[in-house]
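Computed from the coordinates by the stated procedures, all read-outs in this text should not be read as laboratory data. Please read all numbers here as calculations on a predicted model, not as lab measurements. Note: ideal-geometry Cβ built from the backbone for every residue, glycine included; neighbour counts use all protein chains shown.
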Amino acid sequence: MVNKGIGDFFFQNPNSDVKSGFPITMKTNSPGVLKAARHTSERFNNCTNNIFLFKEYHINKALVQIVKGMKYMLDIEIGRTTCRKTSHPNLDNCDFQTNPTLTETFNCYSEVWVIPWLHKFTVPVLLCH
């Protein structure tokens, strides 16, 4: 069992049967998973030369491991949006491409390390195909 923590990320309930260090399955629509997915999209956008921004399209599976913060492990699909990188828009306001020649998605595995009490995150692993 988990409790809501700082910044909508999750902390372990001290009375639960879940042990620190063991990955547990999370709901793909939980606030912490959604934030980790957004960090994944932002990292992808920073690593590509595409003129359009990508954002999370679908989260297939999410695990979290509680070790000195949270390590989110995501199986995620990201898709190309209509927003250009040069305009620096908020991804929430970007629609997915509907033009068949511009539509593109990637399946990705990412690991997002979050230390909510320091408001710190990193995406050390991002593998997309």
Residues of the stretch 60-83 satisfying the condition of being within 25 Å of W117 (Cα to Cα), of a type in the set (A, V, I, L, M) and buried (at least 21 other Cβ atoms within 10 Å of the Cβ): A62, V64, M70, L74
Filtered residues of the stretch 28-53 (kept if closer than 16 Å to L127 by Cα and either assigned to a strand (DSSP E or B) or among the hydroxyl-bearing types (S, T, Y) (or both)): T40, S41, T48
Sort out which residues of the stretch 104-129 are in a strand (DSSP E or B) and in contact with a helix residue (DSSP H, G or I) (Cβ under 6 Å, 6 or more places away or on another chain), and write them in order of number. S110, V112, F121, V123, L126
Restricting the search to the stretch 84-129, which residues are in contact with a Cys (Cβ under 8 Å, 6 or more places away or on another chain), of a type in the set (A, V, I, L, M) and either over 26 Å from M26 (Cβ atoms) or surrounded by 15 or more Cβ atoms within 10 Å (Cβ to Cβ) (or both)? L91, L126
Starting from residues that are part of a strand (DSSP E or B) and hydroxyl-bearing (S, T, Y), keep the ones in the stretch 54-86 and report whichever is farthest from the chain's Cα centre (by Cα). T82
